[in-house]
Amino acid sequence: SLSWLGFVRLLLDDLGGAREAFEECHAVSAELGGPLMRGFALSKLGLLADAEGDYAKAIDLHLEASDLFAGAGDQAGAGYTQSRASMSAFCLGDYEQAMRHALAGYEGFESANHRWGMTAALCRLGFAAGALDRFDEAREHLCRALELAREMQATSLLLHALSGVGVLLAREGADRRAAEVLLFSLGHETMPAMNRQVAQPTFDRLETELDPAELAAARE
């Protein structure tokens with residue numbers, strides 16, 4: 001319950017409240033819980049570190065949690081934390097590491113047939129591949145993520161994938177189209193803040209580089 005309380009506060013951008021709940025969750029799980037409970041507690045502290053921009057710390061927490069999940073035989077849990085570590089590495093600019101963690105995340109989710117997780121991992125594979133200038137591969141991953149998200153009616157994942165498309169378009173030099181997609185996806189009311197941060201720097205750059213008239217047209 002403390003884990004979910006902190007997670008909801010995180011989604012509401014209440015970082016102080018999230019920290020309070022996550023740290024209490026971690027203290028309780030360290031005293032009373034088995035490896036799965038400790039893994040969940042650590043992974044949530046990793047999400048908080050991501051939200052606070054401390055991506056190196058976030059990676060350490062996600063991977064420590066991944067080891068706990070893997071040791072307990074929870075491949076989906078291990079996949080989740082690897083997938084989250086991919087986003088942290090991406091935000092640090094270490095795209096090779098982001099790709100490794102995204103692949104590990106996808107494999108973990110696939111082994112458990114966890115479709116939501118597979119879709120999220122495909123988004124992260126798309127982000128990493130695009131940053132490595134592997135544009136065809138990135139487009140393939142993101143298009144598959146869009147298909148799965150639509151099938152599941154998972155709006156937050158659909159927006160995550162769309163923001164990846166926007167980042168990819170910017171990498172390819174289609175700045176006006178990139179701005180249109182990013183303005184829509186990043187500005188959507190159901191876009192989770194923890195997914196927004198991975199694409200926000202690209203839009204911030206476009207906002208300064210695009211002609212004001214082009215930006216206004218993209219916004220319209």
Which residue, 34, 108, 77, has the most motion in a Gaussian network model of the chain that connects Cα atoms within less than 10 Å?
-> 34
May I ask you to order 186-196, 115-125, 92-102 by the average number of other C-beta atoms within 10 Å around their residues, highest value first?
-> 115-125, 92-102, 186-196
How large is the dipole of the chain about the Cα centre if only Lys and Arg carry +1 and Asp and Glu carry -1, each at its Cβ, rounded to the nearest 20 debye?
-> 380
Kirkwood-Stokes translational diffusion coefficient of the stretch 114-172, alpha-carbon pairs, 20 °C, 1.002 mPa s, µm²/s = 200
Would you mind checking the tilt of helix 15-32 against the longest principal axis of the Cα atoms of the chain, expressed as 0 to 90 degrees and rounded to 10?
-> 30
With Rg/Rh (Cα atoms, Kirkwood Rh) defined as stated, name the option among [x] 1.06; [y] 0.95; [z] 0.99 computed from the structure displayed.
-> [z]
Nearest 10 degrees, 0 to 90: what angle lies between the long axis of helix 2-11 and the longest principal axis of the chain (Cα atoms)?
-> 10
Estimated distance in nm for a label pair at residue 184 and residue 32, the labels positioned 7 Å out from Cα along Cα-to-Cβ = 4.7
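So, R0 is 25 Å and r is the distance between the beta-carbons of residue 207 and residue 116; what FRET efficiency does that work out to, to 0.05?
Step by step, r from the Cβ atoms, then E = 0.20.
Given 0.36 nm per residue, what is the gain on full extension from residue 150 to residue 100 after removing their alpha carbon distance, in nm?
15.4 nm
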Relative to the longest principal Cα axis of the chain, at what angle does helix 155-171 sit, 0 to 90 degrees, rounded to 10?
-> 50
Given charges of +1 on the Cβ of Lys and Arg and -1 on the Cβ of Asp and Glu, with all other atoms neutral, how large is the dipole of the stretch 124-197 about its Cα centre, in debye to the nearest 20?
-> 120
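No value in this document is a laboratory result; all are computed from the given coordinates. The model shown is predicted, which means the values in this text are computed figures rather than measured ones. Cβ atoms come from the backbone with ideal geometry, glycine included; neighbour counts cover every protein chain shown.
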